[in-house]
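The values are calculated or read from the model by the stated rules, or taken from the named source; none is laboratory data. In this text the structure is predicted, and so the values were computed from the model without any measurement. Counting neighbours? That spans all protein chains shown, and the Cβs are built from the backbone with ideal geometry, glycine included. Side chains included, ligands, DNA and RNA excluded: accessible areas come from the protein's heavy atoms. Shrake-Rupley method; radii C 1.70, N 1.55, O 1.52, S 1.80 Å.
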Amino acid sequence: MTKKSKVHVFRLRDIPPRTMAVAAFPGLPSNSEVERRTKDLRRALSKDRAIRMVAPPSTPAEVAQYNPPFTLPFMRRNEIALEVELDQS
């Protein structure tokens, strides 16, 4: 019996600069937790007239997780990010 190796292919691409609104939170980023935190961030942003959300409300937030898998949940750092535009007037 031979062991098949998995080949991972990565592609790098340039992404134009964007302005993001970010909210950090601890714990495990389950789908329900990400949805709750995203709603909270959208609600906070909607109250600020100097900020306009670029993506429609149905667009999911980007999720960033920074810790190795063996990190205890209460010590984990996660972020959700939504693209925004700032009012320059």
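Largest first, how would Ile51, Ile15, Ile80 line up by accessible area (1.4 Å probe)?
Result, largest first: Ile15, Ile51, Ile80.
As a test question: what accessible area, to the nearest 10 Å², does Arg42 have when a 1.4 Å probe is rolled over all protein chains in place?
40
What dipole magnitude, in Debye to the nearest 20, does the chain give about its Cα centre under +1 on Lys/Arg Cβ and -1 on Asp/Glu Cβ?
Here the chain has a charge dipole of around 420 debye.
How many angstrom separate the Cα center of segment 63-89 from the Cα center of segment 27-61?
The distance from the Cα centre of segment 63-89 to that of segment 27-61 comes to 12 Å.
Note down the accessible area of Arg77, probe 1.4 Å, to the nearest 10 Å².
Surface accessible to solvent at Arg77 totals approximately 120 Å².
Could you tell me the convex hull volume per residue, in Å³, taken over the Cα atoms of segment 44-89?
Normalising the Cα hull of segment 44-89 by residue number yields 102 Å³.
Taking H as built 1.01 Å from N, whose amide H comes closer than 5 Å to the amide H of Asn78, not counting residues under 5 places away?
Phe25
Which whole-percent values make up P(r) of segment 13-60 when all C-alpha to C-alpha distances are grouped in 5 Å steps starting at zero?
Answer for segment 13-60: a P(r) of 4, 16, 26, 23, 16, 12, 2 percent.
For Met20, enumerate residues with amide H under 5 Å from its amide H, sequence gap 5+ or separate chain, H modeled in the peptide plane.
It is Val84, by chain and number.
Could you give the spread of the C-alpha atoms of the chain along their three principal axes, from largest to smallest, in whole angstroms?
Answer, in whole Å and largest first: 67, 34, 21 Å.
Ordering Glu62, Glu83, Glu33 from largest to smallest accessible area (1.4 angstrom probe), what's the sequence?
Glu62, Glu83, Glu33
Which angle from 0 to 90°, rounded to the nearest 10, does the C-alpha axis of helix 31-46 make with the longest principal axis of the chain?
The two axes meet at around 20 degrees.
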